[in-house]
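Worksheet: the structure to be examined is printed underneath.
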Amino acid sequence: MFDVTGLYASYGQAAVLHDVSLSIKPGEVVTLVGRNGAGKTTLLRSIMGLHRDCRGAVTMEGKRIETFSPNQRAKAGLGWVPDNRGIYSSLTVAENLTLPPIVGKDAWSLNRVYDAFPALKERRSSMGTQLSGGEQQMLAIARVLRMGARLLLLDEPSEGLAPVIVQSIGRIIREAKEQGLAVLLVEQNVKFAATVADRHYLLAQGRVVEQLSNKDFQLREHELLEHLGM
Amino acid sequence: MEAFIQYTVQGLAAGGFYALAALGLAIIFGALNVVNFAHGAFYMLGAVLTAVFLEFANLNFWVSLALVPVILFIFGVIVERLLVQWLLGLDILYTFLLTFGISLVLVDLVRMRFGVSGLPYDQPPGLTGSVHVGAIELPVYQVFVFGFSVLICLLVWLLLTKTRMGMVVRAATEEPERSRALGINVSRWITPVFGFGVAVAGIAGVLAAPFRAITATMGSNFIIILFAVVVIGGLGSILGSVVAGFLVGLVEAYGQGYASNFAQILIFILMAVVILVRPAGLFGRKETS
């Protein structure tokens, strides 16, 4: 459903990604695990068309999209949740939710969003950045669900959040999965990754060094934690 | 006390020009990341067109007030499509130089046609004379300018906060890149927003016609004060530009009234104080890393 093939990316002279390939099927949660600086965020930005200095094929539902502009990629069904959560301070919570165009027929209605995230309903007229960190993360994920994106690109959604919030983010990811959405999750939190994902790609120095099923991933958790330096 | 109130009304009227023009400047800066140095020239065009319409077509002030913004919107769209758009991705200095060049060309074109002595413009019918509030006499036109500019600022605020178009423009202004990645075609909004900013400067020009000397260079002094307004209010802040516009108008009027030698300097002292105390301006967002 979604494939990246032979992706290279660099910042000027410095190569950041080398020949990265990955694929995700509908209803599959795939993580991208690696240390800081391994190129995870650059990979997501390249997929979104925000990092220009890259080459390689990107295919979404059989359509080649690597020449698309970022807004065309969003319309093709890519839902980006950036690592800083990307909440607009000049927009209310409700406006943050309804800003993106609806791009898929399975888009969540506003009512469904508010049922799943009661805190957002309660605070829908607050400005976006008045929310707590956890609520902002919920809002960022809710926004791409409301948009009807079919591939969610989540950049470290658990970062800096309390365990109870991380759990509810896990619940939402599983709900998206049951709905048949594909999720590409960038994560440094190995324990959290193991609770939600089907497969894992290990990224080191800009290369995919290993691909693991969730079972193998759990068996090797200690070794991986060491690899990640945590 | 009487003089104080008269200076206040005079300051609020002058502040109206500054607020409107700075509003346009802030909208353009926010959405395009362009410091529009030609803004003073667009303001001048608004005033000159108003005078020309009366002299050559016998179109009165009220017709100009409706027509000039439309003409300047179209003019702004042409300037953006023809010139500005090609430099948008580059360093901000390129559009700064471009718009500075545009202002020089516009000023000289007007000077070639109308000279430097200034065009006459009478107070518009219905807005002449003064109103008496108790023992105090206030010029009707100044009261009108204040009220009208507040009304326009309110309309722009409603447009920005209550419509889907305004929401998209706010999002594109705050984070153009992220907005693209969320499916917003930011480029499509750039041209009309530029035209809109120019049109608002045009409204300020129309309002200035009966009140200020209409000359080719009237925008050149204006733009300097305008930049002070924008710095005081906070670069890119729409509310800040409006509040600072009126503030600067008041400071200027009190200066002229009580310390006429210092009238212009006072504005820049105010600017220096604001920069020292709040480097991002009164309503500016702090730089985020």
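The values are calculated or read from the model by the stated rules, or taken from the named source; none is laboratory data. Quantities reported herein were computed from a predicted structural model and do not represent experimental measurements. Here the Cβ positions follow ideal geometry from the backbone for every residue, glycine too, while neighbour counts run over all protein chains shown. Side chains included, ligands, DNA and RNA excluded: accessible areas come from the protein's heavy atoms. Shrake-Rupley method; radii C 1.70, N 1.55, O 1.52, S 1.80 Å.
Of all residue pairs spaced 6 or more apart or on separate chains, those with beta-carbon atoms under 7 Å, a first member in the stretch B:132-144 that is open to solvent by 80 Å² or more (accessible area, probe 1.4 Å) and a second member that is of a type outside the set (A, V, I, L, M, F, W, C) are B:A135/B:E2; B:E137/B:S130.
Residues of the stretch B:97-115 that are open to solvent by less than 70 Å² (accessible area, probe 1.4 Å) and either farther than 25 Å from B:A216 by Cα or not polar (S, T, N, Q) (or both): B:L98, B:G101, B:I102, B:L106, B:V107, B:V110, B:F114, B:G115.
Residues considered: B:A208, B:A181. Of these, the only one that is of a type in the set (G, A, S), over 21 Å from B:G11 (Cβ atoms) and modelled with pLDDT of 90 or more is B:A181.
Here are A:L22, A:L32, A:L17, A:L50: which of them is within 14 Å of chain B (Cβ to nearest Cβ), open to solvent by less than 30 Å² (accessible area, probe 1.4 Å) and not small (G, A, S)?
Values: A:L22 fails: within 14 Å of chain B (Cβ to nearest Cβ); A:L32 fails: within 14 Å of chain B (Cβ to nearest Cβ); A:L17 fails: within 14 Å of chain B (Cβ to nearest Cβ).
Unique residue meeting the criteria: A:L50.
Residue check: B:G183 meets all listed conditions (1) within 14 Å of chain A (Cβ to nearest Cβ); (2) of a type outside the set (S, T, N, Q); (3) not in a loop (DSSP other than H, G, I, E, B) but one, namely (3).
For the stretch A:35-47, a tally of residues being among the charged types (D, E, K, R) and more than 10 Å from chain B (Cβ to nearest Cβ) returns 2.
Here B:R111 meets each of (1) more than 28 Å from B:V156 (Cα to Cα); (2) free of Cβ contacts under 8 Å to residues at least 40 places away in the same chain with one exception, condition (2). Scanning the stretch B:185-211 for residues that are of a type outside the set (G, A, S) and open to solvent by less than 10 Å² (accessible area, probe 1.4 Å), which turns out farthest from B:L87 (Cα to Cα)? Among those residues, the one meeting the criterion is B:L207.
Residue count for the stretch B:156-176 under the criterion of being at the interface with chain A (Cβ under 10 Å from one of its Cβ atoms) and assigned to a loop (DSSP other than H, G, I, E, B): the result is 1.
Can you tell me which residues in the stretch A:79-89 are part of a strand (DSSP E or B) and either at the interface with chain B (Cβ under 8 Å from one of its Cβ atoms) or open to solvent by 30 Å² or more (accessible area, probe 1.4 Å) (or both)?
Initially, the stretch A:79-89 is screened for residues part of a strand (DSSP E or B), giving A:79-81.
Hit for the stretch A:79-89 is A:W80, nothing else.
Within the stretch A:90-109, work out how many residues are facing chain B (nearest Cβ under 7 Å), of a type outside the set (A, V, I, L, M), open to solvent by 10 Å² or more (accessible area, probe 1.4 Å) and part of a loop (DSSP other than H, G, I, E, B). Residues meeting the conditions: 2. Exactly one of (1) more than 14 Å from chain B (Cβ to nearest Cβ); (2) out of contact with any helix residue (DSSP H, G or I) (no Cβ under 7 Å at 6 or more places or on another chain) is unmet by A:M127. Its number? A:M127 satisfies every listed condition except (1).
Kindly establish whether B:F227 is in a helix (DSSP H, G or I), in contact with a helix residue (DSSP H, G or I) (Cβ under 7 Å, 6 or more places away or on another chain), aromatic (F, W, Y) and open to solvent by less than 60 Å² (accessible area, probe 1.4 Å). Against the criterion (in a helix (DSSP H, G or I), in contact with a helix residue (DSSP H, G or I) (Cβ under 7 Å, 6 or more places away or on another chain), aromatic (F, W, Y) and open to solvent by less than 60 Å² (accessible area, probe 1.4 Å)), B:F227 does not qualify.
Taken together, the residues in the stretch A:58-78 that are in a strand (DSSP E or B), open to solvent by 40 Å² or more (accessible area, probe 1.4 Å) and either facing chain B (nearest Cβ under 7 Å) or modelled with pLDDT of 90 or more (or both) amount to 1.
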